[in-house]
Amino acid sequence: MDEGRSSGGIAGITAGEETDRAVYEWVAEHRRLDAAAVAEDLGLTAEETVAALDRLIAARLVHADPQEPGTGYAVAPEVAAAQLAAPVEAEIRTRQQQLLRMRRQLQQFTTSYQRGVQAAGGALEVVSGMHAVRTLLTRAAAGCRSEVFTCQPAGGFRTPDTLRDTLERDRPLLDRGIRLRVLHPHTSRFHAPTQAYVAAASELGAEHRTAHELFGRLVVYDRETAFLPLSDGSWGAVVVREPHTVAYLCELFEQAWEQAAVFEDAASQGLEQVAREIDRTILRLLGAGLKDEAIARRLGMSLRTARRHIADIMDDLGADSRFQAGAAAAWAGLLSRER
């Protein structure tokens, strides 16, 4: 038989699974590789029998005795798997050793890099590009010792794939006992993928709260390193390591965290109550003269959704302008939390 022949799948086992299993059982029972006898007993053609034996030999499930043609035996599947896995595992070990050497070689430049960054701009670093930012975030997470907190004003804009990736990055931190706190916009409670992410992360020990308004995107590790977005809206970030600035950002987060509510989906809290709270916030922002884009950004909702809310509110109040709507709401006492 030709041990190099393969018909697709893992080690060639895919093309005729039912036939292959029948031939494998026959060989296990008779301890022979007599293709003619196999074909006669199983009602197969010679071509089908030979092809099945070739696939079984390639998969290490059948061993042909080179000293005695026509003699062979079936091999236990776990033994066959070990034989097939051996070269793959050896390749993995080689790659791991290469990766370890590469990291050790590059690690020696860490001190020089940090000195260069400090010499160029102190403890402030502007990083361009999503890949570079993710690399720094991954490195910061790997070295995190006690806590991480983040503000995510995007809310429902984050896709299910992004949230799944976020959960996978959160898991190792939580497994190490790192405290993880996340602030979401209030509107996230209407977003099913965010609800699922929060439920899964909370099971692992993460803490999630929501607020009507958030100050902007922020990630802080161990109260030592903070990541802020660039003002141009690109995927870059500003990495802040200056202690006083980081402390100020931490205080900003703590104030927002204390005023935020524990994350609950809108249905469990009451859709009517959530909608009233969102409208109250929009009214206050209208009264402050904010534009639609700024309101949408603060509330973590799309511009289209924000404008639909604003139009409905103005219609209810009989207002002709956004400022007039805010003023009318204040005059009527609609901005009162009790009301």
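The values are calculated or read from the model by the stated rules, or taken from the named source; none is laboratory data. The shown structure was predicted, so the numbers you read here are calculated from the model rather than taken from an experiment. All Cβ positions, glycine included, derive from the backbone under ideal geometry; neighbour counts span all protein chains shown. For accessibility, only protein heavy atoms count, side chains too; no ligands or nucleic acids. Shrake-Rupley method; radii C 1.70, N 1.55, O 1.52, S 1.80 Å.
Only a single criterion out of (1) at pLDDT 75 or above; (2) surrounded by 13 or more Cβ atoms within 10 Å (Cβ to Cβ); (3) polar (S, T, N, Q) is not satisfied by Ser302, namely (1). Only strands (runs of 3 or more DSSP E) whose full extent lies in the range 199-246 are considered here, and the ones with at least 1 residues that are open to solvent by less than 40 Å² (accessible area, probe 1.4 Å) and modelled with pLDDT under 90 are 207-211. Arg60 meets all of the listed conditions (1) open to solvent by 50 Å² or more (accessible area, probe 1.4 Å); (2) free of Cβ contacts under 8 Å to residues at least 40 places away in the same chain; (3) not small (Gly, Ala, Ser) but one, namely (2). Taken over the range 56-108, the residue count meeting the criterion of being of a type in the set (A, V, I, L, M) and touching a Gly at 6+ places or on another chain (Cβ under 7 Å) is 4. Scanning the range 177-195 for residues that are over 22 Å from Gly216 (Cβ atoms) and touching a Cys at 6+ places or on another chain (Cβ under 8 Å) yields a single hit, Ile178. Quick one: would you say Leu249 is surrounded by 15 or more Cβ atoms within 10 Å (Cβ to Cβ), modelled with pLDDT under 80, assigned to a helix (DSSP H, G or I) and at negative phi? No: the conditions fail for Leu249. Among the residues here, Leu290 qualifies as at pLDDT below 90 and part of a loop (DSSP other than H, G, I, E, B). Within the range 177-194, being buried (at least 19 other Cβ atoms within 10 Å of the Cβ), under 24 Å from Ile295 (Cβ atoms) and more than 14 Å from the chain's Cα centre (by Cα) holds for Val182, Leu183, His184, Pro185, His186, Thr187, Ser188, Arg189, Phe190, His191.
Within the range 154-176, if we keep just the residues that are hydroxyl-bearing (Ser, Thr, Tyr) and open to solvent by 30 Å² or more (accessible area, probe 1.4 Å), the residue that is modelled with the lowest pLDDT turns out to be Thr159. Scanning the range 67-91 for residues that are within 15 Å of Arg32 (Cβ to Cβ) and loosely packed, with under 12 Cβ neighbours inside 10 Å returns Gln67, Glu68, Pro69.
A quick yes/no check of all residues on (1) of a type outside the set (Val, Ile, Thr); (2) over 18 Å from Leu84 (Cβ atoms); (3) crowded, with 17+ Cβ neighbours inside 10 Å; (4) at pLDDT below 90:
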{"residue": "Glu3", "(1), (2), (3), (4)": "yes, no, no, yes"}
{"residue": "Ala15", "(1), (2), (3), (4)": "yes, no, no, yes"}
{"residue": "Val23", "(1), (2), (3), (4)": "no, yes, yes, no"}
{"residue": "Ala28", "(1), (2), (3), (4)": "yes, yes, no, yes"}
{"residue": "Arg32", "(1), (2), (3), (4)": "yes, yes, no, yes"}
{"residue": "Val38", "(1), (2), (3), (4)": "no, yes, yes, yes"}
